[in-house]
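Working notes, structure below.
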Protein chains: 2
Amino acid sequence: MVKAQDTETQILDAARRVFIRKGLSGARMQEIADEAGINKALLHYYFRSKEKLFDVILRETFAKIFPSLPDLMINPQLTFRESLTKFVDGYITAIQHNPFLPAFVINEINQNPDKIAQVFETIGFDGAKIKQVQEVLPQRLGLSKEKTREVIVTVISLCVFPFVGKPVLKTLLFDNDDKAFEAFLEERKARVVEIAMSMIQS
Amino acid sequence: MVKAQDTETQILDAARRVFIRKGLSGARMQEIADEAGINKALLHYYFRSKEKLFDVILRETFAKIFPSLPDLMINPQLTFRESLTKFVDGYITAIQHNPFLPAFVINEINQNPDKIAQVFETIGFDGAKIKQVQEVLPQRLGLSKEKTREVIVTVISLCVFPFVGKPVLKTLLFDNDDKAFEAFLEERKARVVEIAMSMIQS
DNA sequence: AATTATTTTAACCATATGGTTAATTTACTG
DNA sequence: CAGTAAATTAACCATATGGTTAAAATAATT
């Protein structure tokens, strides 16, 4: 049983790469097996079916892409501005390391919205925690529930969209210059905080 | 030849629905044929292959989702605020009528970024027009090229992201209340303008 | 009406694909 | 080391899938 854990990990690594690149319907079990350097039957031996394997990856990816939003409010040692800066910085940096995750999640969730409930539970975002976010954050910001939602949607939109829209934005605004686009994302971290703060003050 | 045009339209209507719902790899020629109420061979008779049919839909969809950005600057009778309001309003409304287009475009373009050049040309966004946007708009706003990009990315992010992130946002912030989410989008039209304007003034 | 051209369909075809199985190899245990 | 359990593989299988074809139906032309 020395190789068991190892094989499982190899499969997950390969599956992650292939699923994120091609999506559920675009991925091929044979391709995953090849990329893992193992026999295709092993995929079923360890994970039973394509769907099951996919679900593991989807949940795992979800966990990566939903950083602890609660951190935004739970830490009372920091001012809100500091919390927000930390959040935006960490979030954009995380996506920079996995730039294809957002498009992957968006696509698969839109394809199968019913999965969202289970997936959220898997990562510990149950109803209780959701309510917590919905109630504690407005209190801390001294804003209405509605206004708080505005701020959250704004922050997330600004952090995530540039990554999913990258091919188009790069073509339209950056003359396909990768370096320039990366630099832009870097500057954005501070800018997003400014935009959000100005919403709160007004 | 009375039915020719009609059949072609029926195929396109069906293909649009299926491709946008399932994407290129998820769509099935048989499903498109069934939805169009015709024999599968007709799909190939009219459009040769799945890819060719898909490309027609992708280009068409692209045209829908890239409204005349140039309008933002060409019309000098309006103040910039008025232009922007018109743009944001029109853009969000357009997406409201086709809420799945953004996720579709994002997914397919990320899957195949090389297609972006041809697709852009098809809708008349050639190099010349792109340069025009990049140069005229900063001039009109009295901002640097960089700052102008910030504003554009912000506006597009804020307009588009809520639609692609809808399942997640609805669960997380709106207790899955569709009505509430729609109302939020409606309010957003004005809010997005405010955010963009405050960026310009500072 | 007869002939020709176009449109439509049913039946196929080759291949791809997710999944299974029986046998083989490797690792573990007494 | 023999025997058992777990891991791995090659060969299959049933079905789905994009695409083709030859014949039938419909429309256009003379």
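Pull up region B:45-101, narrow it to residues that are under 20 Å from B:E121 (Cα atoms), open to solvent by 70 Å² or more (accessible area, probe 1.4 Å) and under 19 Å from the mean Cα position of the chain (by Cα), then point me to the one that is modelled with the highest pLDDT. Of everything passing the filter in region B:45-101, B:K64 is modelled with the highest pLDDT. When A:D114 is tested against the conditions (1) surrounded by 15 or more Cβ atoms within 10 Å (Cβ to Cβ); (2) within 12 Å of chain B (Cβ to nearest Cβ), the lone failure is (1).
For region B:124-137, a residue qualifies if it is open to solvent by less than 40 Å² (accessible area, probe 1.4 Å) and more than 12 Å from chain A (Cβ to nearest Cβ), and exactly one does: B:G124. Of the set (1) outside any helix (DSSP H, G or I); (2) touching a residue at least 40 places away in the same chain (Cβ under 8 Å), all apply to A:A63 but (1).
Yes or no: A:T9 among the hydroxyl-bearing types (S, T, Y) and buried (at least 19 other Cβ atoms within 10 Å of the Cβ)? No; evaluated as a whole, the condition is false for this residue.
Taken as a whole, region A:93-102 holds at least one residue that is hydrophobic (A, V, I, L, M, F, W, C), in a helix (DSSP H, G or I), more than 16 Å from DNA strand C (Cβ to nearest atom) and within 14 Å of chain B (Cβ to nearest Cβ). Selection within region A:142-172: residues that are open to solvent by 30 Å² or more (accessible area, probe 1.4 Å) and part of a helix (DSSP H, G or I). The member of this set that is nearest to the other protein chains (Cβ to nearest Cβ) is A:R149.
When residues of region B:51-64 are filtered for being within 30 Å of B:G90 (Cβ to Cβ), within 11 Å of DNA strand D (Cβ to nearest atom) and within 14 Å of chain A (Cβ to nearest Cβ), how many remain?
Qualifying residue count for the region: 1.
Using the structure shown, decide if B:V119 is within 12 Å of another protein chain (Cβ to nearest Cβ), closer than 20 Å to A:P167 by Cα and modelled with pLDDT of 95 or more. So B:V119 does not fit the description; no.
Condition check ((1) away from DNA strand C (no atom under 12 Å from the Cβ); (2) under 24 Å from B:S25 (Cα atoms); (3) without any contact (Cβ under 8 Å) to a residue 40 or more places away in the chain; (4) more than 14 Å from chain B (Cβ to nearest Cβ)) across all residues:
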residue	(1), (2), (3), (4)
A:Q10	yes, no, yes, yes
A:A14	yes, yes, yes, yes
A:R17	yes, yes, yes, yes
A:G23	no, yes, no, no
A:E31	no, yes, yes, no
A:E35	yes, yes, yes, yes
A:L43	no, yes, yes, yes
A:S49	no, yes, yes, yes
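Under the condition of being closer than 16 Å to A:F62 by Cα and either at pLDDT below 95 or hydrophobic (A, V, I, L, M, F, W, C) (or both), the residues counted in region A:19-41 number 3. Check whether at least one residue in region A:124-133 is within 14 Å of A:I57 (Cα to Cα) and among the polar types (S, T, N, Q), and report yes or no. Checking region A:124-133: not a single residue is within 14 Å of A:I57 (Cα to Cα) and among the polar types (S, T, N, Q).
For region A:1-57, the candidate set comprises residues that are among the small types (G, A, S) and not in a helix (DSSP H, G or I); within that set, the residue that is farthest from A:Q111 (Cα to Cα) is A:G37.
The values are calculated or read from the model by the stated rules, or taken from the named source; none is laboratory data. Because the structure is predicted, anything quoted here is derived from the model rather than measured. Cβ coordinates were reconstructed from backbone atoms using ideal geometry, including for glycine residues, and neighbour counts include every protein chain displayed. These accessible areas exclude ligands, DNA and RNA; they are computed on the full protein's heavy atoms, side chains included. Shrake-Rupley method; radii C 1.70, N 1.55, O 1.52, S 1.80 Å.
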